[in-house]
């Protein structure tokens, strides 16, 4: 027997709801479809185009507000394949300078990427082409022009430190969704390390376009537009004139110059030789030129100033040993050692050049005596009786000068250099089976040591400051506001201030009669420096020189590294001296001296190994 | 020996006809929405319209299978089917890939299965089974509780997939409850809560306090006998309502995702979302509104052709109807849907079996809900919630799911002639 269910009448409520909903919808539809005209007008023959507004990339200035990089407008021709119908192919080809086959090929490429989305049809068309196109665009449905900006360099300097800008690759696209295919991104140098600040923010303009491809104004009065925000202005620590001069001096040579302001750690110049004109890596020619540079055997793209870490510091390192020696108590300013043209211990001999003997601490720096440091170094290592303990202490001091570590500032790339550990020697020779004599080449800055030119310059700054340094960095202000971060924090070395005095004196004596840098002195200016020669098994030795000036209240600290330059006093010291004179005095008084350096061509005819 | 009866006896051909018409119109609309000159044949399976035909074929096949299965199968196996579906939902949660923020698919070789589309049928069967059991009355608290649990399990599992739209569909079951004895007051209170919810979003809590407080005060003053008890009652009610207001505020600001907040803001007219939901609805309204009375003509909708409306083959399929067939076309589609739902309601009432009746109401409510939200969204009356238009929207799981939902009912209805209870 069927049970009649209760609440049958509720069916009517349900039906009522259905009918009510249907009627409401019909009412609304009637309103927007039949009564209200505004929708029809919105839709009528209007096509929306999303114009990405690329912001102006941030400008970069030097420390004196001289412009290093700016922007120039460029135009990309874009196409939406689905809208590209009834086009006058012939006239387009003529304006763009394409053949019909190229046109079809390019169109197919666009179609295969996306039939509906816009893609670049031709990159960076010239201003003239753009002008010609403007008239014909009405016959080119689906085509439009997108404005871009490209970098331009008023002076062809600073290629390595400024870096270059290119299209974002797939890795970048995956990593950060801000970038879309075809967007530009900084790939090296400051363009890369400050990419976030420089790139600004893209804007979008929604524009109505009719069947004749004419812009009919902003969609809904720009309600859906977002403004592009220009990139921030970067004020670099670089002194453009000094940088330019450094690159000028390094012509036809390979190597690097790094100049710092000791009081702040700001990098005044970061020069790598050989260099190249940064304008080469801009725009349409970039790909081609990049490949040429890449294949160049001299490796011009390699940023030697920051990345050349395999080279030992040579005799410049003696200063560090002098400081550590005093700190540890094995040497004083009056300690002196004989030098029978070298350091001798049993059957072992480390040669030295000809000079007066014996020498005290200051004189050992002035003459760069190897024997002196052979003694000092061994005493440091052996002073506790256990070489590995002494080495550990020595190593700690070395690291405090910024060697063997990274500074982690705003440098686009950084190599940490090489300062070996006890574990390294234990592994190589067996645990605790090595002594000071085993590793004695580090007394004179050879052996298992590696420093980048930047680290050498920083070390020099630490000595100039008599015991501390500020981490070297490239940018001093963003949008006018000085940067405040850990690179404005003082880093103390582990050597007491008083021990720097004799070392600095010794460095001043380098420029006096008998000193290794005598030829590069500047009249009435007290400079302090040290020569170095990095041994090179493959050819002529590398020439190194570090210096700072003036002796008191130093304004600049420099490290110069010239590959295959022979002794430090041959090329590196003169270059350093010229840089100092340029920076402090603004003019060069020793024209002939300068000319020798400018004429020196170590690339085309690399000097044969002397000795 | 039982006379072998044709499976076609007792089938309600009106329902089947409405189904086929809607499916067909949906298919044509998809063709118009995605029309690509390079693939002009509607049978082209590289395009969505070709693919939809395959799904249509499959759905028809499945419908026939359903018709062939004995009618008693569905009531007998209602609970097991429900359990299996819940398990699938759990499996999906554990193994599914993330597709555009929702994790709702299981990969079986080259096919993608979306269990949530079948949850509606499974839950409907389970509810129908439970509520048709002897001596179960919805007026009992225990009954209400169990019914709610049956609904809440799939709802929560689907919510965990980040598919908020599908989860909300379960709200449709409230109408079923109403028909089966749930007091109408629940619905009225629900409606009042909904209105309060909307107002809470439109105004700040402070203003709401003033409004509710004033109403409470007036209610108090209008009573003849102003006792303490009355005052306390009014105060308590005001307090509870304000509690609701604050929790709405809290949920909106702290619990809803930003894109959901924006959609609601856009719906209420508080905000014009530049690139997201606000833009979609605006484009949708333009597409439909520009259709005029007669529409722009088949394959001639400019908004459709130039891809203004996103999700044009799925959530916003109605735009194609509105733009190309105008008010006439929209009217027809709405009338067809309304007719289908009303027909299902009518058939449900003539059932002797309460199982079938309840199941029928589930079907009608679910369809009504989808219809309400989906079309409402395209014309700016509902927030942008991603749920398909049944039988119309592109999508295999969706079409299959709704076909199954509907044809189980058709079969059960046909079976009624063989039933006693």
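Quick notes
- Cα→Cβ-extended label distance, 7 Å offset, between residue A:169 and residue A:432, nm: 5.0 nm
- Relative contact order computed over the stretch B:190-255 (Cα-Cα under 8 Å; 6+ residues apart), in percent: 46 percent
- Potential extension, residue A:525-residue A:555 segment - 0.36 nm per residue separation minus Cα distance: 9.6 nm
- Expected 222 nm ellipticity per residue - DSSP helices of 4 or more, -39500 (n - 2.57), all of chain A, to 500: -9500 deg cm²/dmol
- Shown here are the Rg and Dmax of the Cα trace of chain A, at 33.9, 130 Å.
- Solution diffusion estimate, µm²/s, Stokes-Einstein, the stretch A:319-370, Kirkwood Rh from C-alpha pairs, 20 °C, viscosity 1.002 mPa s: 186 µm²/s
- Projecting the alpha carbon convex hull of the stretch A:301-428 along each direction and taking the average yields 10.0 nm².
- The stretch B:107-176 and the stretch A:458-532 have Cα centres spaced 77 Å apart.
- Subtracting the Cα-Cα distance of residue A:218 and residue A:90 from their residue separation scaled by 0.36 nm leaves 43.0 nm.
- Estimated D of the protein assembly as shown in µm² per second, where Rh is the Kirkwood radius over Cα pairs and Stokes-Einstein applies at 10 °C, 1.306 mPa s: 44 µm²/s
- Distance between modelled label sites at residue A:605 and residue A:34, nm, 7 Å Cα→Cβ extension: 9.8 nm
- Calculated translational diffusion coefficient of the stretch A:453-511 (25 °C, 0.890 mPa s; Stokes-Einstein with Kirkwood radius over alpha-carbon pairs) equals 188 µm²/s.
- Counted over the stretch B:190-255 with a bin width of 10 Å, the fraction of Cα pairs per bin, in whole percents, is 21, 48, 24, 7, 0.
- Rounded Å value of the spacing that divides the Cα centres of the stretch A:330-346 and the stretch A:217-244: 61 Å
- Globularity index of the stretch A:464-611 is 1.18 (Cα radius of gyration / 2.2 N^0.38 Å, N = number of residues).
- Between residue A:26 and residue B:160, the C-beta separation translates, for a Förster distance of 45 Å, into a calculated FRET efficiency of about 0.75.
- Taking 7 Å steps out from each Cα toward its Cβ at residue A:488 and residue A:101 produces label points 6.3 nm apart.
- The residue A:248 and residue A:413 beta-carbon pair, evaluated with R₀ = 25 Å, returns a calculated FRET efficiency of approximately 0.55.
- Residue A:512/residue A:399 FRET efficiency (R0 30 Å; Cβ-Cβ; nearest 0.05): 0.40
Rule-based calculations on the coordinates, nothing more; no lab input. Values in this document were obtained by computation on a predicted structure and should not be read as measured data. Methodologically, a virtual Cβ is constructed for each residue, glycine included, from the backbone with ideal geometry; neighbour enumeration extends over all protein chains shown.
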